[in-house]
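Notes for the one structure printed next.
Values quoted throughout were computed directly from the atomic coordinates according to the rules given, and no laboratory measurement underlies them. In this text, all values refer to a predicted model and were calculated from it rather than measured experimentally. Cβ: placed from backbone, ideal geometry, glycine included. Neighbour counts: every protein chain shown.
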Amino acid sequence: MLDFAGKKILVTGASRGIGRAVATAFAAMGGKVAINFRNNKKSASETLNVLDGGGHVLVQADVSVPDGARSAVEESVSKLNGLDIVVNNAGIYEVHPLDSVGFDEWCSFWQKTINVNLMGPANICYFAARHMMESGGGRIVNISSRGAFRGEPDAPAYGASKAGVNALSQSLAVALAPHNIFVGVVAPGFVETDMVTDMLAGPAGDAIRAQSPVGRVARPDEVANAVLFLASAGAEFTTGTIIDVNGASYLRS
């Protein structure tokens with residue numbers, strides 16, 4: 001059984017969905033979790049209230065801007081008295097097909113998506129890794145997407161940003177291994193969260209579920225299980241690994 005007793009963990013975008021599932025799973029195994037959120041304090045507090053154990057904290061910060069990433073890490077270190085594990089989960093998905101948006105909109109979608117999905121994790125990794133270098137090591141797990149491999153025709157900035165997360169993670173896995181810092185990636189497909197509830201309940205729902213031979217989409221806890229494995233003691237030699245959690249809906253060679 002995995003054991004995170006005494007480990008101090010920052011989960012970005014932890015107020016709902018995958019982030020909440022990850023925070024819940026770490027707490028159930030003894031971890032102390034910093035729940036990062038940008039604006040939705042109500043949902044973040046709901047996450048806090050369902051976590052097992054004590055010592056968990058809320059950390060409000062917009063990780064898409066450099067000062068927000070810095071404050072998220074520094075506040076987590078201060079409130080938890082250290083930081084052993086970081087999970088970069090905060091992300092956005094916005095539709096912006098090339099043939100139906102103006103150029104100004106196109107630029108806006110790209111800038112916002114890259115800032116949240118790529119620069120946010122990059123900056124969190126920077127500040128977290130600097131702390132971990134001084135403290136003797138740690139784990140970083142970044143949440144990517146199936147879309148980084150198969151493409152996202154209606155949200156190309158999303159696909160590109162998640163491909164960037166993969167490259168960032170593998171570059172850091174090489175750079176940080178000598179410092180006892182290990183970096184992994186979890187790349188889900190569709191996940192049953194409130195962000196896609198309406199889509200799954202609508203006309204496209206059956207087709208989405210049929211993408212997987214399992215006949216459904218992933219549950220948030222299944223993504224969390226992969227995160228916990230990569231963050232666990234004994235998984236050091238998986239550094240640089242990207243774990244697909246998409247129910248064989250997309251197979252890459």
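I'd like to verify something in the chain: which complete DSSP H helices, judged by Cα projection on the helix axis, reach 15 Å or more and average at least -1.0 on the Kyte-Doolittle scale?
Membrane-span-like by this rule: 17-28, 66-80, 103-114, 120-135, 156-176, 220-231.
Order the peptides 182-192, 153-163 from the highest to the lowest mean number of other Cβ atoms within 10 Å of their residues.
Answer by packing, highest mean first, reads 182-192, 153-163.
Using per-residue counts of other Cβ atoms within 10 Å, averaged over each peptide, order 83-96, 43-56, 224-237 from highest down.
Put in order of decreasing packing, that is 83-96, 224-237, 43-56.
Rank the residues Phe26, Phe103 as a footprinting-exposure proxy: fewest other Cβ atoms within 10 Å of their Cβ go first.
Phe103, Phe26
If you take the alpha carbon radius of gyration of the range 165-240 and divide it by 2.2 N^0.38 Å, what ratio comes out, to two decimals?
1.41
At a 10 Å Cβ-Cβ cut-off, how would you order Phe37, Phe4, fewest neighbours first?
Phe4, Phe37
Straight-line reach only, C-alpha to C-alpha below 18 angstrom: list the aspartates and glutamates that Lys8 could link to, leaving out same-chain residues fewer than 8 apart.
Asp52, Glu74, Glu75, Asp84, Glu134, Glu236
Taking a quarter of the surface of the convex hull around the Cα atoms of the range 27-89, what do you get in nm²?
Projected area, direction-averaged: 4.1 nm².
Fewest to most neighbouring Cβ within 10 Å: what's the order for Ile9, Ile242?
Listed from fewest to most nearby Cβ atoms, that is Ile242, Ile9.
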